[in-house]
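Shown below is the structure under consideration.
The values are calculated or read from the model by the stated rules, or taken from the named source; none is laboratory data. No experiment lies behind these values; they were computed from the predicted model shown. Neighbour counts run over all protein chains shown; Cβ positions are idealised from the backbone, glycine included.
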Amino acid sequence: MATADSGTVRVLDNPGGAGAMLKAILPIVPGVNQLPGVKKTSKGLPDLVLRREGLEITREGVAPYAAIAGFPKKDVAPLPYVHNLAFPLHMALLTDQSFPFAAMGLVHLENSISQLRPIRFGEKVDVAVKAANLRASTKGKAFDMLTTVTVGDETVWEETSTYLRVGGGDKENGDSGMDLAPVDQTGAIWSLPTNLGRRYATVSGDRNPIHLYPLTAKALGFKGHIAHGMWTMSKAAASLEARMPDAVRLDVAFKTPIFLPGKVRFGAVPVEGGVDFAVTNPKNGAPHVLGRTRAL
């Protein structure tokens, strides 16, 4: 997995907040998106690394996230938790004037996390994020947000979040994404309440309007509000937590949105080196998320 370890470095003390979401929305507002400082003019990804430093992992900080995803109480952070510390850097980079695409409207296609070892409560981490690998997709332009998390000089956690800008895809030669196997659906049904997006937003910092209310989602082209993909990934990871080693890679591909409120089916099968899993529509078996875990 590639790392965010080169480029112009900018350290941010307190990224995120309401200002980041406003900066994400303005480039899609007609008229406003032509103003200096808002208009997107870059053609390539910026050679920029954003960092947060000295973030302590605490039981109190982790607890609300662990509860909403269903992780058991342990003395280490849940596998996907650190994504929440990286997400403000993702938003800061996506909304930077040097970034070529508007943040609002990007589609989160895939996510891969490699945990080299668990992060213990009381440890302080540095988080670095960089955009890389702009490429043609079958449905538009894809790129990766690379996250590297270190404790001192030790790399303990890495993530690749793949995003899509829809439009002008190359159906013949474009990147078609991960090749993940389907899974027979015989597992548990999850019932997702209508306020799940709002609850997850409070613990993750991802307050994208498509997750909050039907009206805010409809304003952005959805028929209703949808669950966060990273909540679904987290819930799946919590369901598999007892079957994952300390050093593990978790891959997911987000296939179709989960509208709230709703029900989904989770299924998992053991394979050599790990587990294959899926979150599907219980009525027709259509996949919402396909995923796998593999020991490192």
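Residue check: is Pro30 without any contact (Cβ under 8 Å) to a residue 60 or more places away in the chain, farther than 24 Å from Thr162 by Cα and assigned to a loop (DSSP other than H, G, I, E, B)? Break it down into steps so the answer makes sense when it comes.
Details: without any contact (Cβ under 8 Å) to a residue 60 or more places away in the chain: yes; farther than 24 Å from Thr162 by Cα: yes; assigned to a loop (DSSP other than H, G, I, E, B): yes.
It is true that Pro30 is without any contact (Cβ under 8 Å) to a residue 60 or more places away in the chain, farther than 24 Å from Thr162 by Cα and assigned to a loop (DSSP other than H, G, I, E, B).
So that you can scan it fast, the table gives a plain yes or no per residue for (1) within 20 Å of the chain's Cα centre (by Cα); (2) over 20 Å from Phe143 (Cβ atoms):
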residue	(1), (2)
Ser6	no, no
Ser42	no, no
Lys73	no, yes
Tyr81	yes, yes
Met104	yes, no
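If you check every pair at least six apart or on different chains, which have Cβ atoms under 7 Å apart with a residue in segment 263-286 that is assigned by TED's automatic domain parsing to the domain that holds Leu240 and within 18 Å of Arg249 (Cα to Cα) first and a residue that is assigned to a strand (DSSP E or B) and among the polar types (S, T, N, Q) second?
If the second residue must be assigned to a strand (DSSP E or B) and among the polar types (S, T, N, Q), the pairs left are Gly274/Thr293; Val275/Thr293.
Kindly indicate the residue of segment 176-200 that is at pLDDT 95 or above and in a loop (DSSP other than H, G, I, E, B) and also surrounded by the fewest Cβ atoms within 10 Å (Cβ to Cβ) among those meeting that condition.
Pro193
In segment 105-156, which residues are acidic (Asp, Glu), surrounded by 19 or more Cβ atoms within 10 Å (Cβ to Cβ) and over 21 Å from Leu48 (Cα atoms)?
Of everything in segment 105-156, just one residue is acidic (Asp, Glu), surrounded by 19 or more Cβ atoms within 10 Å (Cβ to Cβ) and over 21 Å from Leu48 (Cα atoms), namely Glu110.
Please work out which residue is surrounded by the fewest Cβ atoms within 10 Å (Cβ to Cβ), limiting yourself to segment 218-235 and to residues that are aliphatic (A, V, I, L, M) and in contact with a Phe, Trp or Tyr (Cβ under 9 Å, 6 or more places away or on another chain).
It comes out as Met230.
What is the number of the single condition among (1) touching a residue at least 40 places away in the same chain (Cβ under 8 Å); (2) more than 18 Å from Glu110 (Cα to Cα) that Gly229 does not meet?
(2)
Would you point out the residue of segment 201-227, among those that are closer than 21 Å to Val62 by Cα and outside any loop (DSSP other than H, G, I, E, B), that is farthest from the chain's Cα centre (by Cα)?
Thr202
I've got another one for you. What do you reckon, is Val156 assigned by TED's automatic domain parsing to the domain that holds Asp251, of a type outside the set (D, E, K, R) and over 16 Å from Asn133 (Cα atoms)?
no
Residue under question is Lys23, and the condition is that it be in a loop (DSSP other than H, G, I, E, B), more than 30 Å from Arg117 (Cβ to Cβ) and not polar (S, T, N, Q); does it hold?
no
For segment 52-85, give me each residue that is part of a strand (DSSP E or B), surrounded by fewer than 17 Cβ atoms within 10 Å (Cβ to Cβ) and of a type in the set (Lys, Arg).
Matches in segment 52-85: none.
Looking at Ser6, Ser42, which one is in a loop (DSSP other than H, G, I, E, B), closer than 22 Å to Val127 by Cα and among the hydroxyl-bearing types (Ser, Thr, Tyr)?
Ser6
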